[in-house]
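Visitor: Right, I'll just put the structure down here and ask away after.
The values are calculated or read from the model by the stated rules, or taken from the named source; none is laboratory data. Computed from a prediction, not measured in an experiment: that's the story for all the values here. Because the Cβ atoms are built from the backbone with ideal geometry, glycine has one as well, and the counts that use them run over all protein chains shown. Accessible surface is based on the protein model in full, side chains and every heavy atom, while ligands, DNA and RNA are left aside. Shrake-Rupley method; radii C 1.70, N 1.55, O 1.52, S 1.80 Å.
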Amino acid sequence: MLASYPMPRRKALPVPMIEEDQYERLHALAQRALNRLPDVAQFLLDELERAQIAPKPGLRSGTITMGTRVRFEDLSTGRMHDVRLVYPEEADISTGRISVLTPVGAALLGLRKGQRMTWTTPGGEVRGLKILGVGEIGGNI
């Protein structure tokens, strides 16, 4: 008789918080990108499906939304990153504007300070991040 071992439990992912006025635009963006960027578009759709949708006045302060500045630690490398989460047409990595249609951008969406999340790089490596600070456009982190 074979011994039965419990499967390791995967740590629960944080539930992203999404503004209702951004949800529809993000969903449409991901749908349009399915043919061009299937993996990241599906990841964004999955995150939107898991999300709790809130009216803007009801969204908790310090939640990463579109246009928000964020400082996070890449738990795989220990490097700190200061970025602004933006739509693809505004993205410019040289100025720290990261698209929501990148694996790390989709992973950041809807998180708050102290939360951790995983994402998969285009090369297939699973990475982790921890949110260190969140600030609004023009504000301090």
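Visitor: Within 23 Å of Arg36 (Cα to Cα) and surrounded by 13 or more Cβ atoms within 10 Å (Cβ to Cβ): which single residue out of Ser99, Ser76 fits that description?
Guide: Only one candidate passes the filter, namely Ser99.
Visitor: Within the group Arg116, Arg60, Arg112, which residue is open to solvent by 50 Å² or more (accessible area, probe 1.4 Å), touching a residue at least 60 places away in the same chain (Cβ under 8 Å) and over 18 Å from Leu26 (Cα atoms)?
Guide: After ruling out the rest, the residue left standing is Arg116.
Visitor: Among residues belonging to the range 16-51 that are touching a Pro at 6+ places or on another chain (Cβ under 7 Å) and touching a residue at least 40 places away in the same chain (Cβ under 8 Å), point out the one that is farthest from Gln115 (Cα to Cα). Give the steps one after another, and end with the answer.
Guide: If we filter the range 16-51 for residues that are touching a Pro at 6+ places or on another chain (Cβ under 7 Å), which is where we start, we get 20, 40, 43, 47, 50-51.
Okay, now just the ones that are also touching a residue at least 40 places away in the same chain (Cβ under 8 Å), so 40, 43, 47, 51.
Values: Val40: 21, Phe43: 18, Glu47: 15, Ala51: 14 Å.
Only one residue fits best here, namely Val40.
Visitor: So is Gly128 more than 18 Å from Ile18 (Cα to Cα), open to solvent by less than 20 Å² (accessible area, probe 1.4 Å), under 13 Å from the mean Cα position of the chain (by Cα) and modelled with pLDDT under 95 or not?
Guide: Yes, satisfied.
Here is a yes/no grid of residues against (1) modelled with pLDDT of 90 or more; (2) of a type outside the set (A, V, I, L, M):
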{"site": "Met1", "(1), (2)": "no, no"}
{"site": "Glu24", "(1), (2)": "yes, yes"}
{"site": "Pro38", "(1), (2)": "yes, yes"}
{"site": "Phe43", "(1), (2)": "yes, yes"}
{"site": "Asp46", "(1), (2)": "yes, yes"}
{"site": "Arg50", "(1), (2)": "yes, yes"}
{"site": "Ile64", "(1), (2)": "yes, no"}
{"site": "Arg71", "(1), (2)": "yes, yes"}
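Visitor: Now for a separate question. Tell me which of these Val104 doesn't satisfy, since it passes every other one: (1) in contact (Cβ under 8 Å) with a residue 40 or more places away in the chain; (2) under 21 Å from Ala12 (Cα atoms); (3) surrounded by 20 or more Cβ atoms within 10 Å (Cβ to Cβ).
Guide: Only one criterion in (1) in contact (Cβ under 8 Å) with a residue 40 or more places away in the chain; (2) under 21 Å from Ala12 (Cα atoms); (3) surrounded by 20 or more Cβ atoms within 10 Å (Cβ to Cβ) is unmet by Val104, namely (1).
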